[in-house]
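For reference, the structure is listed below as structure tokens.
The values are calculated or read from the model by the stated rules, or taken from the named source; none is laboratory data. Nothing here was measured: the structure is a model prediction, and the numbers come from that model. Here Cβ is always computed from backbone atoms with ideal geometry, including for glycine, and neighbour counts include all displayed protein chains.
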Amino acid sequence: LHAADYALIVFVSVIGSAATAGLTGAVVMLTLTLSTLGLPLEGAGLLLAIDPILDMGRTAVNVAGQALVPMIVAKRQGLLDSEAPAADLVATPAE
């Protein structure tokens, strides 16, 4: 692949990720990128076998990001007291 092909891969990936919904599995993006470059789509079938393993990593990063970003925003807005003991932050069950 040439440098222009790599630039096209980056462009198609960025535009495609902004346009597609958050789905489990990246097969849609993979086929979009491969077809744009004129590469055979038969290789996508081989990647389907290992995609569930890779998807676990993507999901872990998503969950960590969804938990971390609100904490950062709350800290910067002054809504999070980092000096409060963690035991005070635990909700007590209603009686």
(request) Out of the residues in region 66-87 that are assigned to a helix (DSSP H, G or I) and exposed (fewer than 10 other Cβ atoms within 10 Å of the Cβ), state the one that is modelled with the lowest pLDDT. (result) Ala87
(message) From the list Val14, Val10, Val28, exactly one residue is modelled with pLDDT of 85 or more and in a helix (DSSP H, G or I). Which is it?
(response) Val10
